[in-house]
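Encoded as structure tokens, the structure appears first; notes follow it.
The values are calculated or read from the model by the stated rules, or taken from the named source; none is laboratory data. These numbers come from a predicted model, not from an experiment. Positions of Cβ are backbone-derived with ideal geometry, glycine not excepted, and every protein chain shown enters the neighbour counts. Surface accessibility is based on the protein's heavy atoms, side chains included, excluding ligands, DNA and RNA. Shrake-Rupley method; radii C 1.70, N 1.55, O 1.52, S 1.80 Å.
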Amino acid sequence: MTHKIAFFSTKSYDETAFNQVLEKTSAQEIHITYFPHTLDHDTAALCDNADTVCVFVNDTLDKTTLEVLASKGVKHIALRCAGFNNVDLDAATALGILVSRVPAYSPETVAEHTLALILTLNRNTHKAYNRVKEGNFELAGLMGFTLHNKTVGVVGSGKIGKATMKILRGFGCEILCYDPYPDNEVIALGVEYVALNTLLSSADIVSLHCPLTEESHHLINAASIDEMKKGVMLINTSRGGLVDTQAVIDGLKSKQIGYLGLDVYEQESELFFKDLSDDIIQDDRFQRLQTFPNVLITGHQGFFTREALGEIATVTLNNILDFQGNIPKPANFVNLDR
Ligand code: NAI
């Protein structure tokens, strides 16, 4: 029997990647309908008769939306990303909907983007590019600092945190790490696990690699920013909600934060993955962030390499086949044990 998938927040590159994998597999029994819309309680009505709904980071899977999906017969949410903070897992479980994700499509991909943010902010390659294009070879204002021997504090030593630490080791950085669950492979890299406040007060660069949970929401706030070294570089490639944006703006104004690199933003669902270049952006906090010369924001592109997209499509389709065959893998299905 054909397994019907309603695919939300579709971009042309998603369609290409998923169709390529579908062609290679003999999964002819899968039929995907691609919708450009993000999923919420209104657009949920689109997925009549779908067995699985395939979603991304800014689709809303709150209780109301899940109830509409359940009433349409949806039994499986296939997230084509690692984080699942946008799903009300209790509601999904109560409605008998299984939730799968792609736990590790390419941690190195996101780790490399983290380094891109650190190096661009530090060495001002984005500003140098524009200057040289215009025949301006003046160096004043482009001064960076040498990464070698600097202390980097990594919050979260899971797959992406670990991949980031391995790269930073190659730069000769000292690394401090905070994670409630220390990992021997990380200790073997010569990384020291410390308390969060020790990390914050010692690091020249703080990089966030933990998931967004109730506990980690606004982990970076006015008090934690006060604990950091004056002029610290703060990098967030994890989830926007880890950072209290207003506190970060205040920290930038007081120069307590010397550099800010973001690939994620708390209110990103209103902005990211869309071309708003002809619109008036209404988010005043986001616009304030853009005014600082020492802030670099990318629109959630840490995952965006051809290798990672191919892997995301492969694992997501395997999750769908596993669901269909009633053999869901505990590592990929997040509410199996609930
Ligand atoms: P993971 O599950 O392998 O590792 C997360 C680590 O964080 C675990 O070791 C866990 O013990 C630790 N942790 C949990 N709560 C913590 C807390 N309060 N403080 C410190 N550590 C804590 O996850 P992975 O694959 O490394 O991904 C990390 C995050 O990166 C994801 O949750 C996701 O939000 C984000 N991400 C961003 C992408 C992007 O495109 N920018 C792409 C993929 C993931």
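With the other protein chains left in place, how much accessible area per residue, in square angstrom, belongs to the stretch 2-122 at a 1.4 angstrom probe?
40 Å²
When the chain is treated as a GNM, springs tying every alpha-carbon pair under 10 Å, which of Gly158, Gly190, Gly302 comes out with the largest mean-square fluctuation?
In this elastic network of the chain, the residue with the biggest mean-square fluctuation among Gly158, Gly190, Gly302 is Gly190.
Which length gain, in nm to one decimal place, applies between Glu29 and Asp275 when the Cα-Cα distance is subtracted from 0.36 nm times their residue separation?
85.1 nm
For the chain, modelled as a Gaussian network with Cα springs under 10 Å, which listed residue fluctuates most, Leu121, Leu289, Leu142?
Highest fluctuation among the options: Leu142.
All other residues with a Cβ under 12 Å from the Cβ of Thr65 taken together, and with Lys, Arg as +1 and Asp, Glu as -1, what is their net charge?
Result for the neighbourhood of Thr65: -4.
Quick check: at a probe of 1.4 Å, how many percent of the accessible area of the chain sits on carbon and sulfur atoms?
51 percent
If you build a Gaussian network model of the chain, linking Cα atoms that sit under 10 Å apart, which residue out of Ile312, Ile77, Ile30 swings the most?
Judging by the Gaussian network model, the answer is Ile30.
What are the ³J(HN,Hα) values, in whole Hz, obtained from phi via the Karplus relation 6.51 cos²θ - 1.76 cosθ + 1.60 with θ = phi - 60°, for each residue of the stretch 295-302 in sequence order, with x given for Gly and Pro?
Going residue by residue, I get 10, 10, 10, 10, x, 6, 10, x Hz, with x marking Gly and Pro.
From zero outward in steps of 10 Å, how is the percent of C-alpha pairs of the stretch 102-147 spread across the bins?
23, 38, 23, 12, 3
Would you give the gap between the C-alpha center of the stretch 214-276 and the C-alpha center of the stretch 152-206, rounded to a whole Å?
When both Cα centres are located, 19 Å separates them.
Restricting to Cα pairs below 8 Å that are 6+ residues apart, what does the relative contact order work out to for the chain? Please round to a whole percent.
That works out to 17 percent.
How high is the FRET efficiency between Gln20 and Lys72 when r is their beta carbon distance and R₀ equals 30 Å, given to the nearest 0.05?
For R0 = 30 Å, the calculated efficiency reads 0.60.
Once the Cα atoms of the stretch 107-297 are picked out, what are the Rg and Dmax in Å?
So, for the stretch 107-297, Rg and Dmax equal 16.6, 51 Å respectively.
Using the Cα atoms as the points, what is the convex hull volume per residue of the chain in Å³?
Considering the Cα atoms of the chain, their hull volume per residue is 155 Å³.
With the calculation restricted to Cα positions, what are the radius of gyration and Dmax of the stretch 199-275 in angstrom?
Cα radius of gyration and Dmax of the stretch 199-275 are 12.1, 39 Å respectively.
Could you pull out every one of the lysines with an alpha carbon less than 24 Å from that of Lys159, ignoring same-chain neighbours closer than 8 positions?
Straight-line reach from Lys159, under 24 Å: Lys150, Lys329.
Could you please report the charge total around Asn130, scoring K, R as +1 and D, E as -1 over all other residues with beta-carbon less than 15 angstrom from its beta-carbon?
+2
Please compute the modelled spin-label separation between Thr125 and Ala45, points set 7 Å along Cα→Cβ, answer in nm with one decimal.
Result: 4.8 nm between the two label points.
Please give the net charge around His31, taking every other residue with its beta carbon less than 12 angstrom from that of His31, where Lys and Arg add +1 and Asp and Glu add -1.
Every neighbour counted, the sum reads -1.
Given the whole protein assembly as supplied and a 1.4 Å probe, what does the accessible area of Lys274 come to in Å², nearest 10?
Estimated to the nearest 10 Å², Lys274 gives 100 Å².
Could you give the C-alpha radius of gyration of the stretch 31-70 expressed as a fraction of 2.2 N^0.38 Å, taking N as the number of residues it contains? Kindly include the intermediate steps, with their values, before the conclusion.
Details: Rg = 9.4 Å, N = 40, 2.2 N^0.38 = 8.9 Å.
Cα Rg divided by the expected 2.2 N^0.38 Å: 1.05.
Would you list the P(r) distribution for the stretch 1-46, with all Cα-Cα distances sorted into 5 Å bins from 0 and each bin expressed as a whole %?
For the stretch 1-46, the binned pair fractions read 5, 20, 27, 22, 15, 8, 2 percent.
Rank by packing, highest mean first: peptides 47-57, 178-188, 217-227, with packing defined as the count of other Cβ atoms within 10 Å averaged across residues. Mind showing how you got there, number by number?
On the way: 47-57: 21.9, 178-188: 13.5, 217-227: 17.1.
Ranking the peptides 47-57, 178-188, 217-227 by packing returns 47-57, 217-227, 178-188.
How large is the helix-only mean residue ellipticity at 222 nm for the chain, computed as the sum of -39500 (n - 2.57) over DSSP H runs with n ≥ 4, divided by its residue count, in deg cm²/dmol to the nearest 500?
When only DSSP H runs of four or more count, the value is -10500 deg cm²/dmol.
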